[in-house]
Amino acid sequence: MIETARLSSVVGDRTVTPPHPTSTDPFTGFTAQCKEHTHMTHGSLPDTFLWGVATAGHQNEGDNSASDTWFLEHTTPSLFREPSGPGCRGYEHWAADLDLAAGLGLNAFRFSVEWARVEPERGVVSAEALDHYEHMVDGCLERGLAPVVTFNHFTAPHWFAAAGSWTAADAPARFAEQCDRVMARFGDRIAYGVTLNEPNLEQLLQAGAKLPPEAETLKTRMLAAAARAAGSDTYGSANVIPAHLQDEFQTAFTLAHRAARDAIKARRGDLPVGVSIAIADEVAIPGGEARRDAKRAAVYDHWLNEARHDDFVGVQNYERIVHGPDGEVTADGELNGMGTVIAPGSLAGAAHYAHHVSGVPVLVTEHGIQTPDDAQRAALIPAAVEELVAEVHAGTPVLGYCHWTLMDNFEWIFGYGAQLGLHEVDRTTFQRRPKPSAKAYADVIRHHRGARAEPRG
């Protein structure tokens, strides 16, 4: 077994914490410096620390039929195991889902605004969809939940995908328009804005050989078939990017992020805005440092350097990767559903590196575990949070923690087979049932928030 102390010694040097940017209290509307921790919680975290869950529209809402992902799910051939269909009926049951979140003692709720619902046809804006998401924002506030809004969580409108997708010359402007209309409707009431979700995901999957070569071939065939079916020259989507287009999409995503940030800030300059990235905790045993550093440079550093111009960086961590002189090393221990050893300290390590490079505070926008064994999840949450708290005490500024996810949902190409939720969902009745991990997370929150973790009546 590889000793934790030995691994942590090669993660990287700590740096002096820079001043935090301005953030907004979602309940009073007053702004405050994130660095001012005048009142500490029971667990020695600032009382402004966010405890939340993260969700995504397409994965929960159901019937997102104007989106690129829906189109690809129904393309032949398709890389998707199954169509998303009704999802978890989240578009209908959003209020009850917010009640579940509030019942855990949370004070934050991350969700995405589905662009394909808001603008199902180019230039056609749905007032009903904007009303729906505005109701969600207000519903969050009524329950004491800070709304953390993701402006794009992978999915985009079908028309956008068929018109060049994110690499089209006008893509940044089109996305900025979407961000502006969302901000105009309810931007005055949200707590944090995430422009893009995991724009580096495909690079992480490819660098770690997570998808077999036949999956890459199927991906290319699917996109070509989608273009033919749409009557367009190309078809693109944010989380099914062919390997040879990675650099082009990274440039496109960067331009889109900047345009979105500018549009959001134009409406509300004090709103903290950032981008969330997929980031494993990359560590090395002696001789593996060069491999670790090369992986970091290829997958994370572009976005961490880009985040230097943002108010925070969103960290989304699910595993630790150990590098040796000859490649990845398999450590001893219990495995998660991704085939890597469960490492509670991986989140703290990822947060440390993200801040070390970016110099801005970290918001944990996702953390969790893919596993059918909820006992693993129930054990991971308190252990990972304990490590994260220690990292905060060591000097890394962390604004909050959002667990992925509230309930088992549609996990993209893996369909409904992958389980990451605190609640299970009956696929016939759509009833939500709490797992033991939901109580485990609620207990962690109660320990840190005390009386403030009691549900608001």
Report summary line: Taking a straight Cα-to-Cα line shorter than 27 Å from Lys219, and setting aside same-chain lysines fewer than 8 residues away, one finds Lys210, Lys295
Query raised in the report: Suppose every K and R has +1 on its Cβ and every D and E has -1 on its Cβ; what is the size of the dipole of the chain about the Cα centre, in Debye to the nearest 20?
Result: 400 debye
Requested in this report: Using the 2.2 N^0.38 Å rule of thumb for compact globular proteins, work out how region 363-440 stacks up: its C-alpha Rg over that value, please.
Outcome: 1.22
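Stretched out fully, how many nm does the piece from Ala290 to Arg122 gain, at 0.36 nm a residue minus the Cα gap? Walk me through the numbers on the way to the answer.
Numbers: separation 168, 0.36 × 168 = 60.48 nm, distance 4.69 nm.
This chain segment gains 55.8 nm when fully extended.
Among rounded, prolate and oblate, which fits region 189-318 when a ≥ b ≥ c are the square roots of the eigenvalues of its C-alpha gyration tensor, a/c under 1.5 means rounded, and a/b larger than b/c means prolate? Present the calculation step by step, with values, prior to reporting the outcome.
Working: a/c = 2.48, a/b = 1.10, b/c = 2.26.
Note, shape of region 189-318 comes out oblate.
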Query raised in the report: Expressed as a rounded percentage, what relative contact order does the chain have, with Cα pairs under 8 Å and six or more residues apart?
Result: 21 percent
Requested in this report: Describe numerically, in nm with one decimal, the distance between label points set 7 Å from Cα along Cα→Cβ at Asp262 and at Ala297.
Outcome: 3.1 nm
Requested in this report: For an R0 of 22 angstrom, estimate the FRET efficiency from the Cβ-Cβ distance between Gln246 and Val329 and round to the nearest 0.05.
Outcome: 0.30
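Hey, what did region 56-197 get for relative contact order, percent, Cα under 8 Å, at least 6 apart?
Working: 209 pairs, mean separation 39.7, N = 142.
Result for region 56-197 is 28 percent.
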Report summary line: Once the in-chain neighbours fewer than 8 apart are removed, the lysines whose Cα is under 25 Å from Lys265 read Lys35
Query raised in the report: Which percent of Cα pairs goes in each bin when the distances of region 54-133 are cut into 10 angstrom slices starting at zero?
Result: 17, 44, 29, 9, 1
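Starting from the Cα-Cα distance between His135 and Glu386, subtract it from 0.36 nm times their residue separation and give me the gain in nm to one decimal. Show your work: numbers first, answer last.
Working: separation 251, 0.36 × 251 = 90.36 nm, distance 3.46 nm.
Residue separation times 0.36 nm, minus the Cα-Cα distance, leaves 86.9 nm.
Let me know the shape class of region 268-312, please: from the alpha-carbon gyration tensor, a ≥ b ≥ c as square roots of the eigenvalues, rounded when a/c is under 1.5, otherwise prolate if a/b is greater than b/c, or oblate. Walk me through the intermediate numbers first.
Working: a/c = 4.02, a/b = 3.25, b/c = 1.23.
Prolate shape, in that a/c is at least 1.5 and a/b is the bigger ratio.
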Query - Carbon/sulfur fraction of accessible area - region 364-457, other protein chains in place, 1.4 Å, % - result: 55 percent
Report task. Name all residues of region 88-108 having a backbone nitrogen under 18 Å from the label point set 7 Å from the Cα of Glu454 along its Cα→Cβ direction, giving them as ranges. Result -> 102-107
Query raised in the report: Which listed residue (Leu422, Thr251, His158) has the Cα farthest towards the positive end of the charge dipole for the chain, taking +1 on Lys and Arg C-beta and -1 on Asp and Glu C-beta about the Cα centre?
Result: Leu422
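Within the accessible area of region 144-281, what % is carbon and sulfur when the probe is 1.4 Å and the other protein chains stay in place? Mind showing how you got there, number by number?
Values: 2360 of 4450 Å².
Carbon with sulfur: 53 percent of the solvent-accessible area.
Please work out the FRET efficiency for the pair Ala169 and Thr76, using the Cβ-Cβ distance as r and a Förster radius of 35 Å; give the result to the nearest 0.05. Please list the in-between numbers first.
Details: r = 30 Å, r/R0 = 0.87.
About 0.70, to the nearest 0.05.
What is the percent of Cα-Cα separations in the chain that go past 36 Å? Intermediate results must be reported in sequence, preceding the final value.
Numbers: 22321 of 104196 pairs.
Of the Cα pairs, 21 percent sit more than 36 Å apart.
Specify whether the C-alpha gyration tensor of region 417-457 places it in the rounded, prolate or oblate class, a ≥ b ≥ c being the square roots of the eigenvalues: rounded for a/c under 1.5, otherwise prolate if a/b is larger than b/c and oblate if not.
Details: a/c = 4.31, a/b = 2.01, b/c = 2.14.
Oblate, because a/c is 1.5 or more while a/b does not exceed b/c.
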Report task. Averaging sequence separations of C-alpha pairs under 8 Å and six or more residues apart, then dividing by the length of region 300-448, give the relative contact order as a whole percent. Result -> 22 percent
Requested in this report: Using 0.36 nm per residue of separation minus the Cα-Cα distance, give me the extension gain between Asp373 and Met338 in nm, one decimal.
Outcome: 11.3 nm
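The values are calculated or read from the model by the stated rules, or taken from the named source; none is laboratory data. Keep in mind that what you see is a predicted model, and the values were worked out from it rather than measured. Cβ coordinates were reconstructed from backbone atoms using ideal geometry, including for glycine residues, and neighbour counts include every protein chain displayed. To get the accessible areas, we keep the full protein, side chains included, count just its heavy atoms, and leave off ligands, DNA and RNA. Shrake-Rupley method; radii C 1.70, N 1.55, O 1.52, S 1.80 Å.
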